[in-house]
1. Only one of 58, 72, 66 is open to solvent by 40 Å² or more (accessible area, probe 1.4 Å), of a type in the set (Gly, Ala, Ser) and under 21 Å from residue 97 (Cα atoms). Can you tell me which?
2. Within region 215-247, which residues are within 25 Å of the chain's Cα centre (by Cα) and acidic (Asp, Glu)?
3. Just checking, does region 44-59 include any residue being part of a strand (DSSP E or B), touching a Ser or Thr at 6+ places or on another chain (Cβ under 9 Å) and either modelled with pLDDT of 85 or more or of a type in the set (Phe, Trp, Tyr) (or both)?
4. If you go through region 97-117 one residue at a time, do you hit one that is among the acidic types (Asp, Glu), outside any helix (DSSP H, G or I) and crowded, with 18+ Cβ neighbours inside 10 Å?
5. Within region 295-318, how many residues turn out to be open to solvent by less than 30 Å² (accessible area, probe 1.4 Å) and either in contact with a Lys or Arg (Cβ under 7 Å, 6 or more places away or on another chain) or at pLDDT below 90 (or both)?
6. Do you know which residues across region 310-325 are part of a loop (DSSP other than H, G, I, E, B) and under 27 Å from residue 248 (Cβ atoms)?
7. Is one or more of the residues making up region 76-95 exposed (fewer than 14 other Cβ atoms within 10 Å of the Cβ), more than 20 Å from residue 38 (Cβ to Cβ) and without any contact (Cβ under 8 Å) to a residue 24 or more places away in the chain?
8. For residue 69, work out the one condition from (1) in a helix (DSSP H, G or I); (2) farther than 25 Å from residue 10 by Cα; (3) within 29 Å of the chain's Cα centre (by Cα) it doesn't fulfil.
Amino acid sequence: MWDAERLRIAADAAGIALWSWNVDTDEIALDERAHELWGMRRGGPVTFEEMSSRIHPADLERVKKAFQATRAMTGAYEIDFRILHGDAVRWISARGQGGDIGIVGRIMFGVFLDVTERKQAEETREMAAGEMSHRVKNLFSIASALTAVSARSTATTTEMARDLTQRLTSLGRAHELVRPVPGQVENKAASLGDLLSILLAPYSGDTPGSSRIQVNVPEVRVGGTAITTLALVVHELATNSIKYGALSVAGGALDVKCSTHEDEVVVVWTERGGPPVTAPNGTTGYGSKLVSRSMSGQLGGAISFDWPASGMVATLRMSRARLGV
């Protein structure tokens, strides 16, 4: 029933490559599929050292130690490692029996399986899990920060609940812009103009078609990591404006413009039509510290303020590379 031909057909169907290892001479014989899998020369046995030249440097020492230990092992073993095949990297699973089980004439036998697709799927799942963990941590951080800002900028619990809900809803809409599509681990980029418009929408007022907030920026992309930091900064500026600045009165307006340079993005936030303003005196508040740390630590830039009587002007300078992450 199971003659050599049928066994070969079954092995081919399962994608199994065969190898044998002479434990005395260190010669390894490969079948046709194994030669193809490794990209090794044909025409006779090869040595473990020759095959080692194809093993990924990061895995080489681990594989050598594992194979040296196989004869002292009891039962089946399985070693997964990467090999270099031209410009590609493949994952190989080497399997056999330890403790000289099944050894024939000083020759051990085993199989190779190409497990590249499985390993790539595992890596994708691990990356997705890591990304999810990172996003959850960021979500808790921003919720805590926004709660503190809302508590500082409102007088009653009702106002605080409404303010915080508004901020979180706006932030959620902003994150939709960079949400990965199914099967995609990396963040896609969002338009800076779209992001600013969504973040500022809760502060534009209830009048349909209101134009008190104008956003005029060129095409600049913002990555999923930077979006949270930028959202915090924008919400802090908008909170101060709606409490003390131009957005605190019906006739006030806000212009947000942007210019780009080789390695820098500059956003200018200009308020007008609000109450007369003066430069603040005294200790820097929590919100200002939060903005300053966020701009320097996460966005690789800085924020500066000017206080003309017509309204506050904030200039945000950000690293273009950091903004795109």
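The values are calculated or read from the model by the stated rules, or taken from the named source; none is laboratory data. Note that the structure is a prediction, hence the values are computed from the model and not measured. Heads up, the Cβs are rebuilt from the backbone with ideal geometry, glycines too, and the neighbour counts pull from every protein chain shown. Remember, those area values only see protein heavy atoms, side chains included, never the ligands or the DNA or RNA. Shrake-Rupley method; radii C 1.70, N 1.55, O 1.52, S 1.80 Å.
1. Values: 58 fails: under 21 Å from residue 97 (Cα atoms); 66 fails: open to solvent by 40 Å² or more (accessible area, probe 1.4 Å).
Within the list 58, 72, 66, the selection yields 72.
2. 219
3. We begin by selecting, within region 44-59, every residue part of a strand (DSSP E or B); these are 46-47, 55.
Pick out the ones that are also touching a Ser or Thr at 6+ places or on another chain (Cβ under 9 Å) and you get 47.
Filter once more, so that each one left must be either modelled with pLDDT of 85 or more or of a type in the set (Phe, Trp, Tyr) (or both): none.
No, region 44-59 contains no residue that is part of a strand (DSSP E or B), touching a Ser or Thr at 6+ places or on another chain (Cβ under 9 Å) and either modelled with pLDDT of 85 or more or of a type in the set (Phe, Trp, Tyr) (or both).
4. To start, the set of residues in region 97-117 that are among the acidic types (Asp, Glu) comprises 100, 114, 117.
Then drop every residue that is not outside any helix (DSSP H, G or I), which leaves 100, 114.
This time we only want the ones that are crowded, with 18+ Cβ neighbours inside 10 Å, so: 114.
Among the residues of region 97-117, at least one is among the acidic types (Asp, Glu), outside any helix (DSSP H, G or I) and crowded, with 18+ Cβ neighbours inside 10 Å, which makes the answer yes.
5. The qualifying residues number 4.
6. If we filter region 310-325 for residues that are part of a loop (DSSP other than H, G, I, E, B), which is where we start, we get 310-312, 324-325.
310, 311, 312, listed by residue number.
7. yes
8. The single condition residue 69 does not satisfy is (3).
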